[in-house]
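**Q** The following block contains the structure, expressed as structure tokens.
The values are calculated or read from the model by the stated rules, or taken from the named source; none is laboratory data. Everything quoted here is computed from the prediction, not taken from an experiment. Note: ideal-geometry Cβ built from the backbone for every residue, glycine included; neighbour counts use all protein chains shown. Surface areas here come from the heavy atoms of the whole protein model, side chains and all, with no ligands, DNA or RNA. Shrake-Rupley method; radii C 1.70, N 1.55, O 1.52, S 1.80 Å.
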Amino acid sequence: MTNKQGKLIRLTVSYLIILTMCAIVLYPLLWVLGSSFNPGDSLSGSQMFPDNPTLKHYAFLFDLEQSNYLLWYWNSMKISLLTMIFSVILVSFTAYSFSRYRFIGRKNGLMTFLILQMIPNFAALIAIFVLANRLDLIDTHFGLILFYVGGQIPMSTWLMKGYLDTIPKDLDESARMDGAGHFRIFIQIIMPLAKPIISVVALFAFIAPLGDFIIARILLRSNEQFTLAVGLYDLVAKQFGNSFTTFAAGAVLVALPIALLFLAFQKYFVSGLTAGGTKG
């Protein structure tokens, strides 16, 4: 076998693997998208490419008299955006502290964050409910945001700390020689160089509330306070009148803000902003 033939075989195998992965990912997405345009309420007769596509399910979701979908959408966007903002701020300060300073309890703190990552959220449901009940946070978005932000800190801190460790400390020392304080170094030097990891943390923090059902279902009680996950669940949880095709339409619309945010942050995911950053 010649070198050219070996290269052709490797290239063919690579394309086959990529096409297989794309099919695995796209097949369920196409089914959900197709189901949202199918007439009727059941998935049993749905088709990936319906013969008589309809927009009635989307019209139902946007009808304020029949559905609270837009209210649920607003609730989810509000919770996700505030979770993203507060998570980025707190994680940035925490990761910077662990990366640049040496203090008593630093190693134990990092180890605690590492252990907390291993504990899934549903394992602490009883503790979360009891804590929220005692603090009068049941059926409030504020309480939900607090728990989401707290859940983002351990994993995101480790991610951002690892990235900040790669930023040369010579930049800090040069800035101090020029008279800059710790906060100015953090805001004007470190954070602009950390845009790629900030984008990752922001995206994770935004997606987590949109995809969470368990904690939101435990804390939220009234229909007006529901997030999209909890509200859409009601569409298929009823014993009579459940609508899977309307659920599919609602699920399709959930993906739009995530896709837009990913496109907005995409250029930062692969950019190496620290290249050539060392002074002198």
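**Q** When the Cα atoms of the stretch 113-246 are enclosed in a convex hull and the volume is divided per residue, what value in Å³ results?
**A** It comes to 158 Å³ per residue, whole-number rounded.
**Q** Suppose R0 equals 30 Å. What FRET efficiency, 1/(1 + (r/R0)^6) with r the Cβ-Cβ distance, do Ala23 and Ile85 give to the nearest 0.05?
**A** Computed FRET efficiency for Ala23 and Ile85: 0.20.
**Q** Evaluate the distance, in nm, between pseudo-label points positioned 7 Å from the Cα of Tyr101 and of Lys195 along their respective Cα→Cβ axes.
**A** Computed distance between label sites Tyr101 and Lys195 equals 2.8 nm.
**Q** If you don't mind, another one. Measuring from label point to label point, each 7 Å out along Cα→Cβ, what is the Tyr233 to Phe122 span in nm?
**A** 1.0
**Q** Please report the Cα spread of the chain along all three principal axes, rounded to whole Å, starting with the longest.
**A** 72, 70, 31 Å, listed from the longest principal axis down.
**Q** What's the longest uninterrupted piece of the chain once you rule out the trypsin sites (Lys or Arg not before Pro) that are loop residues per DSSP with at most 13 other Cβ within 10 Å? Write out the running numbers ahead of the final one.
**A** Numbers: sites that count: Arg102, Lys169, Arg221, Lys238, Lys279.
Of all site-free stretches, the longest is 1-101.
**Q** Averaged per residue, what accessible surface does the chain expose to a 1.4 Å probe, in Å²?
**A** Numbers: 16520 Å² over 280 residues.
That works out to 59 Å² for each residue.
**Q** Here is a follow-up. For Thr166 and Leu30, compute 0.36 nm times the residue count separating them, minus their Cα-Cα distance, and round to one decimal in nm.
**A** Between Thr166 and Leu30, full extension yields 44.9 nm more.
**Q** Continuing with this model, one more query. Can you give the direction-averaged projected area of the convex hull of the alpha-carbon atoms in the stretch 62-177, in nm²?
**A** If I average the Cα hull's projected area over directions, I get 10.8 nm².
**Q** A follow-up question, please. What longest region of the chain stays clear of chymotrypsin sites (Phe, Trp or Tyr not before Pro) that DSSP places outside H, G, I, E and B and that have at most 10 other Cβ atoms within 10 Å? Walk me through the numbers before you get to the answer.
**A** Values: sites that count: Tyr101, Phe103, Phe240.
Longest site-free region, per DSSP loop and neighbour criteria: 104-239.
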